[in-house]
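The values are calculated or read from the model by the stated rules, or taken from the named source; none is laboratory data. As the structure is a prediction and not an experimental result, all values here were calculated from the model. Virtual Cβ from ideal backbone geometry, glycine too; neighbours counted across all protein chains shown. In case anyone asks, the SASA skips ligands and DNA or RNA and just uses the protein heavy atoms, side chains included. Shrake-Rupley method; radii C 1.70, N 1.55, O 1.52, S 1.80 Å.
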Amino acid sequence: MVTFCYTNAVQTIEDREDPDLVYVEGYGSCAVDSAVHHAPHAWATGGMHAIDPTWPADSGCAYLGIPFADPEMWPHPLYGDGILKQYATLLPILRDGLPADAVADIGRPLPRTACRRSESAGPLSLTPSS
């Protein structure tokens with residue numbers, strides 16, 4: 001089902017029984033009916049390619065996300081919501097960072113230009129500017 005990308009991704013991993021597949025959560029961009037949609041999204045991967053059971057395979061999708069190595073963190077395949085969408089799982093990540101070994105060492109890193117931009121931006125200021 002289209003609105004259940006989190007559970008669809010986990011169910012795909014369980015159905016394939018491939019130990020190299022991991023759950024990935026982040027953002028996706030997809031063209032559907034000649035419109036481009038950008039949304040929080042989840043998919044599976046074995047490394048360099050997304051396995052997306054939710055969005056059409058031929059729609060030219062792009063993905064940016066965190067590959068979660070620990071299946072204990074993954075949403076329940078029947079009724080789970082996203083790791084980064086649930087208050088109970090997001091709050092500890094925001095407060096303490098990701099647990100050790102939570103992120104799988106797969107995929108491609110962000111391009112160097114994207115890293116430079118975020119490094120030069122400095123810390124987030126919550127003070128209103130005048």
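Some values worked out for this structure:
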quantity: Length released on extending from Tyr27 to Ala39, taking residue separation times 0.36 nm less the Cα-Cα span; calculated: 3.8 nm
quantity: Cleavage-rule hits (chymotrypsin sites (Phe, Trp or Tyr not before Pro)) in the range 25-111: DSSP loop, at most 13 neighbouring Cβ within 10 angstrom; calculated: Tyr79
quantity: Share of Cα-Cα pairs in the range 11-71 lying beyond 20 Å, as whole percent; calculated: 24
quantity: Accessible surface, the range 1-108, averaged per residue in Å² (probe 1.4 Å); calculated: 62
quantity: GluC sites (Glu not before Pro) lying in DSSP loop within the range 1-78, provided at most 12 other Cβ fall within 10 Å; calculated: Glu17, Glu72
quantity: Full-stretch length increase - Asp105, Met73 - with 0.36 nm per residue and alpha-carbon distance subtracted; calculated: 9.9 nm
